[in-house]
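Notes follow the structure.
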C-alpha cells in the first residue's frame, strides 16, 4: 500500500536514520578507559536521570562530565571522557543525506532527535565540513531534544512538534529506528514507521519517492 496525497510531511529521526551510530564502538572505548562490567554499568547509568536531563538540556556539559566521571574508575580527563562519549558517532550516511535532499522536493521535512550538546558539537561541524552547508537547511525545522527541553518517547514532544509547526497528525509520517518512540508517536495520531535492523530510509520509498508501507 502506498501513501500518496495523504502523507505530506515527514518527521525523521537522526541517529540510525541519517547518521550512523555504533554502540559497540562506544562500549570498546569505555572498556579501554578501564570500566568493568560495562553492560551492567551502562544499563544502570541509562536509568540514571542524568542522561535524560542531559538530553533535555537540564544539565550543562560540565555537570554531565563531572557526573559521568564518578561512574568511571580512576581520574579521567575531560578530553578522554568526551572522546569515549563521542565514540558512538561514526558518520553520516552519504546516500541518506542525498535522499533527504530529494525528499525535500516532495514533502515537508522535519527532524526530531534525542541528542545532547556534546554530540551536537561534533556532527554539526562534520556536516558543514563534508557538505558545505548547515544540516538544518535540509529541514523546515529541526527539533533537537536538548534545545527544546523535551525528548522521545514522551507524548509532549510529539504534540510540541505538531503545534509548533502547525502540522496535521494524519498527514505526517514519523520515521525512527526505536520501537518505543514509534509507538508513542502513533498514540498521538501520527502515522509512524520503525526501521527494522538492516533496513535503511531508502527502503521505504519507491523510485518516485512515494512511501511504501507494508
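Do the conditions hold for residue 51, that is, is it surrounded by 14 or more Cβ atoms within 10 Å (Cβ to Cβ) and part of a helix (DSSP H, G or I)?
yes
Given the criterion touching a strand residue (DSSP E or B) at 6+ places or on another chain (Cβ under 9 Å) and over 13 Å from residue 9 (Cα atoms), identify the matching residue among 162, 211, 204, 111.
204 is the lone residue from the list that is touching a strand residue (DSSP E or B) at 6+ places or on another chain (Cβ under 9 Å) and over 13 Å from residue 9 (Cα atoms).
Residues that are within 19 Å of residue 116 (Cα to Cα), at least 2 per element: which helices (runs of 4 or more DSSP H) completely within the range 132-214 meet that?
Correct list: 145-148, 155-164.
Out of curiosity, is residue 125 assigned to a helix (DSSP H, G or I) and either more than 15 Å from the chain's Cα centre (by Cα) or over 26 Å from residue 160 (Cβ atoms) (or both)?
When the stated conditions are applied, residue 125 passes them.
Kindly evaluate residue 179 against the criterion of being within 15 Å of the chain's Cα centre (by Cα), touching a residue at least 12 places away in the same chain (Cβ under 8 Å) and surrounded by 19 or more Cβ atoms within 10 Å (Cβ to Cβ).
In short, no.
Could you check the range 142-167 and list, in sequence order, the residues that are under 21 Å from residue 104 (Cβ atoms), without any contact (Cβ under 8 Å) to a residue 40 or more places away in the chain and more than 13 Å from the chain's Cα centre (by Cα)?
Just the residues of the range 142-167 that are under 21 Å from residue 104 (Cβ atoms), to begin with: 142-144, 161-162, 164-167.
After this cut, where a residue has to be without any contact (Cβ under 8 Å) to a residue 40 or more places away in the chain as well, the list is 142-144, 162, 164, 166.
Matches in the range 142-167: 162, 164, 166.
Residues of the range 54-84 being assigned to a loop (DSSP other than H, G, I, E, B) and surrounded by fewer than 13 Cβ atoms within 10 Å (Cβ to Cβ), which ones?
60, 73, 74, 75, 77
Restricting attention to the range 96-113, does a residue exist that is assigned to a helix (DSSP H, G or I), under 19 Å from residue 20 (Cα atoms) and free of Cβ contacts under 8 Å to residues at least 40 places away in the same chain?
Yes, the range 96-113 contains a residue that is assigned to a helix (DSSP H, G or I), under 19 Å from residue 20 (Cα atoms) and free of Cβ contacts under 8 Å to residues at least 40 places away in the same chain.
Out of (1) surrounded by fewer than 16 Cβ atoms within 10 Å (Cβ to Cβ); (2) in contact (Cβ under 8 Å) with a residue 60 or more places away in the chain, what's the single condition that is false for residue 125?
Single failed check for residue 125: (2).
Values quoted throughout were computed directly from the atomic coordinates according to the rules given, and no laboratory measurement underlies them. This structure is a prediction, so every number in the text was calculated from the model and none was measured. As a convention, Cβ positions derive from the backbone with ideal geometry for all residues, glycine included, and neighbour counts pool all protein chains shown.
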